[in-house]
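Before any comments, here is the structure.
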Amino acid sequence: MAVPTAAAVLAPGPSLQRRAGLGPWLAVAPMMGWLLLFVIVPTLMLVVISFCERDSLGRVIYSFNFENYIRAFDWKWLKILGISVWYAFLTTVICLVLGYPVAYFIGRSSERVRGLLIMLVMIPFWTSFLIRTYAWISILSQEGLLNAALMGLKLTAAPIGFMYTPFAVVLGLVYNFLPFMILPIYTSVEKLDGSLIEAAYDLGARPARVFAQVVLPLTQPGIAAGILLVFVPAIAMFAITTLMGGGSNPTIGEVIHNQFTKARNQPFGAALGVLLLAIFIFSLWLSQRMRREEPE
């Protein structure tokens, strides 16, 4: 009769192996179900509808073709997409220029002050997005606070039309997305090793060189995350551009919204949405590539 070895006695059987492997799957099951129902299935539906047509009543006809994508590459829609990308680009650059110094100051502050500063950054999230937008509308309108201040200081003789201009659109986007740039950069700055900065100064490096060759590369992950969190949603944002832009320069988000509502052309709106999704995926790939190229 063969005597079992210690390894054979201690080795878990098939049932124990199955139990050990079932726990992680049960833990991620809610997340996988959420992704399946609210991300994967809607995205597949969007892709399928983008290849369809509509009838005179706006109903979807499932006859697959590429007409919607051919139409999407018309100069009219490409121009609108270019305007949207330009707004998003300006918003991202301004948020980076304004947000990086704030994030660096917060990240290098003492722990007692750091919590208070983070709370101040998060204060805009305590109110509704629409309330914040309408607040800026009341400030920038011809009868608003800004024109009243300018006229009271005798800087202008008549109200200035701030509203329904690209300036108002970019201002609204920057105000609403600035915290999304500050928080990721703050996370990177908080983890920054101060001894590296001190070593650079000890070796005779000037502040500008220390920032360019030490601080900036080490905070690159936060910068990449902030750019992604600002640029991607800013392209598709239509509420701010509609309310503060007045539809004078429509963005791709407004066009997609109107195609699904007023125009009742779901296939064409879906095609524009798929192209916008492709831009998001490209932005994510570019962000991941920047992270892989960061110094160790």
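None of the figures in this text is laboratory data; all of them are computed from the coordinates on show. Remember, predicted model here, so these are calculated numbers, not experimental data. Every residue, glycine among them, receives a Cβ derived from its backbone with ideal geometry; neighbour counts consider all protein chains shown.
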> Based on DSSP H assignment, which helices of the chain show an axial Cα extent of at least 27 Å together with a mean Kyte-Doolittle hydropathy greater than or equal to 1.0?
Replying inline: 75-107, 166-190
> Add -39500 (n - 2.57) for each DSSP H run of 4 or more in the chain, then divide by its residues: what number comes out at 222 nm, to the nearest 500 deg cm²/dmol?
Replying inline: -22500 deg cm²/dmol
> Which semi-axis lengths, in whole Å and largest first, follow from the square roots of five times the eigenvalues of the Cα gyration tensor of the range 176-267?
Replying inline: 44, 12, 10
> Here are several values of Cα extents along the principal axes in Å: [x] 106, 71, 34; [y] 48, 46, 37; [z] 63, 39, 36. Which one was derived from the coordinates shown?
Replying inline: [x]
> Applying 1/(1 + (r/R0)^6) with R0 = 35 Å to the Cβ-Cβ distance of ARG289 and ILE123, what FRET efficiency is obtained, to the nearest 0.05?
Replying inline: 0.55
>> Going 7 Å from the Cα of ARG114 along its beta-carbon direction, which residues of the range 159-196 have the amide nitrogen within less than 20 Å of the resulting point?
In response: 179-196
>> From the mean inverse distance of alpha carbon pairs (Kirkwood) and the Cα radius of gyration, derive Rg over Rh for the range 47-124.
In response: 1.35
